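Any read-out appearing in this document is the output of simple, stated calculations on the displayed coordinates, not a laboratory observation. As the structure is a prediction and not an experimental result, all values here were calculated from the model. All Cβ positions, glycine included, derive from the backbone under ideal geometry; neighbour counts span all protein chains shown.
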Amino acid sequence: MRDAVRSDPSLAWALQPPTAPAPYDPPTTPVLIARMAVSFVATYLWPAGLVLVAVALLSGILGATDVGDALAGVVGVLLMGALVVLGLLLVAVLAIYALLRRAEQTDAVDERLPLRPVLTAMQERENQAAQNHMLSVTERKPGWVRSVTSRLVFWIIGEFVAKLYRPGFLGGIGTIHFARWVTVPGSRDLLFFSNFGGSWESYLEDFITRAHAGLTAVWSNSVGFPRTENLFQRGATDGERFKRYARHSMIPTRFWYTAYPRLTTTHIRTNALIRRGFSAAMTEDEATAWLALFGSAARPDGRMASNEIQSLAFGGLGFLPHGGALLYRLPDTVDAARRWLAAVQPRIAFNDGRRLGAPAVVTLALSAPGLQRLGLPPDGLATFPAAFLDGMVAPGRARILGDVGPSAPEHWSWGRTPPDAALLLYGRDPADVAALRAELDDLAAECGATLEIAIPVQIARVEPFGFMDGISQPVIRGTYKGLRNVDPIHLVEPGEFILGYPDNRGNRPPGPTLPATADPANRLPLVERVGDFSASMVECPRDLGANGSFLVIRHLEQDVAGFHAYCEAEAERLQHRLAPPYRVDRDFIGAKLVGRWPGGASLVRHPYLPPDEERQPT
């Protein structure tokens, strides 16, 4: 796209980076309070401060015998004076608050509807473009208290806009193109001008739901506004009265200016991002984020990139019941190992399994030694978790897993030396799996990969102990199953299983990374999320693990006869401890251990007997 624009001299300006927006770095609460305190003193208390400093200097110098005595006197007077000023300020605040609360309980509320001709004149001018204009004229309530509170509120809002709110936003409202409050000098008239996106009704609803405190604080000082409490509370939350008041205060706007008649603020911001991103995007992630700006809706942050996630992560591939596990030793040279990986890649199943068209597919997993053989730099490999790097045979990991004594790694049938790669085969029938296996054998021979272990697998609906298999409870949010009518208690965030996404606590767990220099083609995802294109992210670390996960492969010995013998012995020992309708037998004990009946039925719904034997107690 840049080449196409570059070929047209009239579009050369599009390749020049625009002025970057001011960075948005909201202060912490203590910092905000400190900044506002300094601003308050500089705005309102500076006369008292000047007088205090002058008095302190005079009193300190006149009675001093030396410089040290003078400094001590000045500091003492300043501290004493500051305490006096703060005390007087506190008394004034309490007095104003008391007078304000008494007025709030007695102020009249104007519930009149706007005059019909005036309303008709306003509505004739509204919704002619993507924006509308509002002109409101109100009168400040009489008395010095309302004069003080109105000035205080305007100062607070101004401080929040300058020091706290994101540029272009008023709190959580981002539909305002322009807004200004004006107090007419020498009068109590208050004018409000606003150019906003959308209809007048939606504009008012935004304030009622998102910024009612600020709006209440300003207009509560106006005659007829809905009843308030503590200056900031209630008021605009009384939606219907507030809408009546706002409409009644408006007058028809004869003319107003809009730079983009057909664009909302969202479109304007998106166009600005497109303009900046066209010249700034350098990485694959930035290019993807830039292209997403052309859609009807922005891609939500954290939405799963399903086409880059292997199908096994979306759920067991039970509709492909035949398969096997192939464990490989990769070639010694990096080039040969990469040729093998490139040849296998088209056969890997990605995305939701429902969309798989091939009769047989593979799932790929790589170990730490395998990543080394593929040429992963040491500084990238070092960012993987220790459990992955050590493997199951490390003494510390073996003890955690209970692989000691007869189950120690030295007694294993295979796996004492970790394989480099594993391919899990899934197919519709044995013939499909055999055909895929033949292709993989040919690829291994061509590239020099060695097949060390081959384990045939048939996905049965019943596992060796006699219980129905393939039952899982967690459902990943954003997957096909997660979009169906699923009990929310079963939903988990993608980051609990897949790297690069937020987990259930809203955190994005750190994963394996690479320095930017290891990705000269800028193909890998970025660790940081793509922002507003105000600065290039080409030097940011790369998220090596994004859209991947960790796979555990263990070949377990299962003592089926021992399990059943244990269940029978325990049933005989416990059968007299539970009265009917419980039936304590081998199946009951096994169900309690496994968590469900052999047929897969829930113990919560069927606590006494499996559903096919259940009888209503008499």
Helix axis angle, 200-210 relative to the chain longest principal axis, alpha carbon, degrees: 70
Along Cα→Cβ, 7 Å out, is where each label goes; now give me the distance between the ones at R484 and A37 in nm to one decimal. 5.9
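Counting pairs of alpha carbon atoms under 8 Å apart in space and at least six apart in sequence, what relative contact order in percent does segment 116-249 give?
Once divided by the residue count of segment 116-249, the mean separation gives 27 percent.
Under the 0.36 nm per residue contour assumption, what length would be gained going from the current alpha-carbon distance of E446 and V84 to full extension?
Taking 0.36 nm per residue and subtracting the Cα distance, the gain is 121.3 nm.
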Coil-residue trypsin sites (Lys or Arg not before Pro) of segment 477-576, DSSP, other Cβ within 10 Å capped at 10: R484, R505, R523, R554
Additional length obtainable on full extension of the chain from A569 to M1, 0.36 nm per residue less Cα span: 197.1 nm
Skipping prolines and chain starts, which residues have an amide H placed within reach, meaning under 5 Å, of the one on R234, given they are 5 or more residues away or on another chain? E229
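Hey, what did segment 378-511 get for relative contact order, percent, Cα under 8 Å, at least 6 apart?
Computed value for segment 378-511: 10 percent relative contact order.
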Whole-percent tail of the Cα-Cα distance distribution for segment 29-106, cut at 18 Å, equals 58
Under the Kirkwood approximation for Rh and a Cα-based Rg, what ratio Rg/Rh is obtained for the chain? 1.11
I'd like the orientation of helix 239-249 relative to the chain: the angle between its Cα long axis and the longest Cα principal axis, in ° from 0 to 90, rounded to 10. 40
Once both labels are modelled 7 Å past Cα along the beta-carbon direction, what's the A561-Y260 spacing in nm? 7.7
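Quote the FRET efficiency, to the nearest 0.05, computed for E528 versus D390 with a Förster distance R0 of 22 Å and r equal to the Cβ-Cβ distance.
0.15
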PRE zone check, label point 7 Å out along Cα-to-Cβ of D469, amide N under 13 Å, scope segment 536-563, hits 554-558
In terms of the alpha carbon gyration tensor, root eigenvalues a ≥ b ≥ c, rounded if a/c is under 1.5 and otherwise prolate when a/b exceeds b/c or oblate, segment 539-618 is prolate
Principal axes of segment 116-249: Cα extent on each, largest first, Å: 41, 37, 29
Which of the trypsin sites (Lys or Arg not before Pro) found in segment 107-185 are loop residues per DSSP with 16 or fewer other Cβ atoms within 10 Å of their Cβ? R112
Hey, what did the chain get for relative contact order, percent, Cα under 8 Å, at least 6 apart? 12
Run the numbers for T517 and R461: contour at 0.36 nm per residue of separation, minus the present Cα-Cα distance, in nm. 15.3 nm
May I ask for the distance between the Cα centers of segment 558-603 and segment 67-128, given as a whole number of Å? 73
Give, in whole angstrom and from largest to smallest, the semi-axes √(5λ) of the equivalent ellipsoid of segment 204-280, with λ running over the eigenvalues of the Cα gyration tensor. 34, 17, 9
Sparse-neighbourhood loop sites, chymotrypsin sites (Phe, Trp or Tyr not before Pro) in segment 253-284 - DSSP loop, at most 13 other Cβ within 10 angstrom: F255, Y257
Nearest 10, in degrees from 0 to 90: the angle of helix 334-344 to the longest Cα principal axis of the chain is 90
